[in-house]
Structures are given as C-alpha cells and as structure tokens.
Amino acid sequence: MPDEPRDHPATLAAQALGLVDPTTRSIVPPIYPSATYERAPDGSYPGGHTYTRDQNPTYDQVEALLSRLEGGQGALLFSSGMAAATTVFETLDTGDHVVAPEQMYWTIQRWLEELAGRGRIVLDLVPNGDQAALEAALRPGRTKIVWVETPANPTCAITDIAATAEAAHAAGARVVVDSTLCTPVLCRPIEHGADLVMHSATKQLNGHADVLAGALITAQRDEPWERVTHDRGYRGAVLGPFEAWLLLRGMRTLFLRVSHSAASAQRIAEWLTTHPAVSEVFYPGLPTHPGHALAARQMSGGFGMLVSFRLRGGAAAAKTAAGGLWLFKNATSLGGVESLVEHRAPVEGPGTRVPDDLLRLSIGIEAVEDLLVDLEQALAQG
C-alpha cells in the first residue's frame with residue numbers, strides 16, 4: 001500500500017506537518033509571543049502550557065516537525081547550537097568520560113577541553129573515522145557520551161554511526177550525533193543507532209542567516225532526556241517565539257535548499273580537483289575521499305553543501321583567494337542561501353588542527369555557473 005500523501009518528509013516540511021490554525025483556518029502557523037498562560041478556576045492549565053521558559057505553542061510546532069523528520073520521539077529547541085550541545089554535557093556527573101573526534105566544530109571542542117581542564121569531565125579525542133581508535137578509547141561503565149560529527153567541519157571526515165553506536169552501547173555509553181551538515185534530508189542518525197541528534201539550527205535548518213537556534217532530537221523519552229529537558233528550563237537556554245517561527249518558516253523550504261546546495265557542491269568539488277592551484281579537495285561526494293563509500297551508504301540525496309580545499313600557494317594564497325571572491329561572502333557560519341568562504345585556520349587560532357592553506361566553502365542556492373566563474377577569477381589572483 002502506498003504511503004499517505006502527506007507522509008513524505010519533504011511534504012511534511014513544506015506544509016509544516018499540515019497544521020492549520022483552528023480558529024482562523026490560516027495555513028501559516030501563528031506566533032504565540034505570550035510568556036505566561038492563564039490557569040483554570042481549579043488551578044490547572046487546560047492548554048497544557050504554563051510558562052514560555054518551559055513550553056510555548058510556537059515551539060511545539062517546530063519541535064514536532066523536527067522529531068518527525070528525524071524519526072525521533074521528541075525534540076527541544078535551544079537558543080543556539082552551543083546551548084543545545086552544552087546542555088547535553090551539563091547533564092553529566094563530575095568525572096564522567098567523554099569520547100569526541102579530533103576534527104569537529106571547534107567551539108564545542110574548545111569548551112570540552114576547558115571542562116576537562118577543570119576536572120569536570122574526562123575527555124579523549126580520537127581521529128575521525130578511526131573505528132579502532134574510538135573503540136580503544138571507550139571505558140566500559142565510565143564512558144557516558146560518544147560525540148560524533150559526520151561529515152566533520154571543515155574536513156568532511158566521515159564516521160560510521162552504526163558501528164560507533166554498537167560499540168558505545170556495549171560500553172554503556174550514549175551516542176550524540178551533530179548532524180548539522182546533513183540535516184534529516186541527507187541522513188537520519190537515529191535510524192543508524194544514535195541516541196540523540198544535535199543541530200545548529202542557525203545553519204541549514206533555518207537557511208537564511210537570520211536566526212540563532214539549536215535543537216536536540218531524542219530516540220527515546222528516557223531518563224537522560226528528562227534531564228536534558230529539565231536543564232533547558234532551569235538554565236533558560238530557550239529560543240524566543242519569534243525566532244522559533246522564523247525557523248519553522250525556513251524549514252518549509254529545507255528539502256529544496258539542501259538538495260540544490262548539495263548538487264552545486266558536488267559540481268564545485270569536482271571542478272576544484274582539476275584546478276592547478278588546488279592541492280587537495282575535501283568532499284565526501286568525491287570517489288577519492290577516504291570516507292566516500294561509507295558516506296554513500298550512510299547518506300542519501302547528496303553529500304552536503306560544505307566543500308573545503310587546500311591551495312598550493314599556502315596560507316598567503318588562501319588569504320588572497322578568500323579576499324578576491326565577488327559572490328562568495330567572506331564570513332563565518334554556513335548553510336544559508338548565500339555562498340560563503342572562510343579562511344578557517346586563523347579563525348580557530350592557536351592549536352587548530354586545520355591546515356593554514358585551507359579554505360572552507362558553504363555552497364548556497366545561487367546558479368552554480370556563477371559560483372564557478374567567481375572561484376576561477378579568485379584563484380587566478382594567487
């Protein structure tokens with residue numbers, strides 16, 4: 001029997017789960033800016049909401065959509081991706097062990113290193129995609145979280161979620177996947193065994209560079225999820241209703257944007273491999289990428305919008321090329337409708353594992369032919 005017409009994820013996103021305002025029949029979900037809600041005469045809350053630091057009808061719509069798209073049992077919005085990530089780790093007890101990759105979003109990694117330096121957690125960083133190293137780092141009974149970022153920012157390293165989940169669960173640990181670069185369009189980590197999925201919703205989920213937001217989606221409504229929910233409310237790490245509404249607006253075009261950007265990124269990555277000024281290209285859609293075969297099994301519909309490459313002329317050439325682009329905006333962040341470039345190593349500063357000749361591209365939804373012309377003229381300047 002075929003699926004119901006509205007069951008396809010792209011349809012669910014485009015129609016925001018088909019929600020229609022029951023009073024006005026508006027097909028655009030409303031914003032609920034209220035911070036508090038009236039009790040019934042008996043002191044109960046018939047609407048199910050008490051205070052916006054804990055619940056808000058605007059959050060409900062976005063969280064329901066995120067949970068459905070990821071195949072989860074619940075979702076929570078946060079004031080940023082960092083707020084979502086740090087809330088996960090704040091639920092740990094002092095001395096708990098964490099395993100994370102060497103290449104990952106640098107702000108989360110720096111924060112983990114600070115926690116470890118203060119004795120708050122015990123941290124092991126392992127090479128991305130090295131399954132043997134990851135399994136050797138696990139400490140049965142002590143490891144509580146295995147953090148996965150795949151593809152990794154900015155080198156696009158790929159980690160096997162299913163193999164990681166099997167090993168982590170055997171050691172009594174939970175697996176959290178930062179799926180910011182995939183979104184549920186390209187990968188649904190819960191289907192591969194992840195316990196939690198994290199998104200910097202500022203990026204592709206919103207897609208318009210006008211909202212700061214984060215999200216967590218859980219595979220099970222269990223005790224650790226209750227701790228996360230409790231901590232979000234107590235720490236006040238919530239998203240505002242207006243930002244939540246903008247996020248929902250952005251997610252309605254998620255499948256169109258992600259698919260277009262991924263197709264353009266594939267063409268750009270292939271073109272970069274032929275350019276004489278380029279020494280190395282990092283993109284999982286390339287057969288030469290060490291994680292290509294795994295990415296092809298784990299992802300579907302494309303390989304994402306992030307492309308990184310190194311220049312033969314070194315750091316000076318990278319700086320010149322980044323400053324010489326016309327259409328690509330020289331700015332941090334990624335996943336918006338506009339294409340961005342960033343000379344990443346100087347941003348991360350001392351101790352970065354990113355080569356100083358590497359440029360990171362976030363491919364938007366412009367005509368790919370225009371982006372190729374822009375890259376050609378900028379690389380010619382070096």
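Lacking any other cysteine beta-carbon closer than 4.7 Å, the following Cys residues of the chain have no compatible partner: Cys156. With 10 angstrom as the radius, rank Thr23, Thr352, Thr36, Thr58 by how many other C-beta atoms surround their C-beta, starting from the fewest. Neighbour counts put them in this order, fewest first: Thr23, Thr36, Thr352, Thr58.
Sorted ascending by nearby beta carbons within 10 Å, beginning with the fewest, Val62, Val122, Val28, Val368 become Val28, Val122, Val368, Val62. Here the label points at Ser34 and Ser279, each 7 Å from Cα along the C-beta direction, are separated by 6.1 nm in the simple model. Listed values for region 281-297 are Karplus-derived 3J(HN,Hα) couplings in whole Hz (6.51 cos²θ - 1.76 cosθ + 1.60, θ = phi - 60°), namely 10, 10, 7, x, x, 7, x, 7, 5, x, x, 4, 4, 5, 4, 5, 7, and x replaces Gly and Pro. Were the residues from Ser44 through Arg139 laid out at 0.36 nm apart, the gain over their Cα-Cα distance would be 29.6 nm.
Taking the chain as a Gaussian network of alpha-carbon nodes connected by springs under 10 Å, the highest mean-square fluctuation of the residues Val20, Val258, Val146 belongs to Val20.
Here the relative contact order of the chain, from alpha carbon pairs under 8 Å that lie six or more residues apart, stands at 16 percent. Modelled label positions at Glu270 and Ala293, each set 7 Å beyond Cα in the direction of Cβ, lie 2.2 nm from each other. Annotation: the residues Ser80, Ser261, sorted from fewest to most other C-beta atoms within 10 Å of their own C-beta, follow the order Ser80, Ser261. The C-alpha atoms of the chain define a longest principal axis, and helix 241-251 lies at about 50 degrees to it. Region 87-150 and region 183-215 have Cα centres lying 20 Å from one another. Under 5 Å between amide hydrogens, built in the peptide plane, is the criterion, and for Ala215 it picks out Phe78, His199, Ala201 among residues at least 5 positions away or on other chains. Distance between Cα centroids, region 342-382 to region 264-328: provide it in whole Å. Going from one Cα centre to the other spans 9 Å.
Of the trypsin sites (Lys or Arg not before Pro) found in region 116-163, the ones in coil according to DSSP and having at most 16 other Cβ atoms within 10 Å of their Cβ are Arg118, Arg142. For the chain, the share of DSSP beta bridges that are antiparallel, to the nearest 5, is 55%. Whole-Hz Karplus values for region 265-280 come out as 4, 4, 5, 5, 4, 4, 5, 4, 5, 9, 7, x, 7, 9, 9, 7 Hz, taken residue by residue from phi with 6.51 cos²θ - 1.76 cosθ + 1.60 and θ = phi - 60°; glycine and proline positions read x. Report the residue, chosen from Ala194, Ala367, Ala165, that carries the largest GNM mean-square fluctuation when the chain is represented by alpha-carbon nodes joined by springs under 10 Å. Comparing Ala194, Ala367, Ala165 in the GNM, the peak value goes to Ala367. Structure remark: mean-square fluctuation, Gaussian network model of the chain, C-alpha springs under 10 Å; the largest value among Ala265, Ala84, Ala162 belongs to Ala162. Each Lys or Arg adds one and each Asp or Glu subtracts one; over the other residues with Cβ under 12 Å from the Cβ of Gly250, this totals +2. Straightening the chain between Glu113 and Asp54 buys 18.2 nm, computed as 0.36 nm per residue apart minus the Cα-Cα spacing.
Values quoted throughout were computed directly from the atomic coordinates according to the rules given, and no laboratory measurement underlies them. All values reported here derive from a predicted model rather than from experimental measurement. Note that each Cβ is placed from the backbone with ideal geometry, even for glycine, and that neighbours are counted across all protein chains shown.
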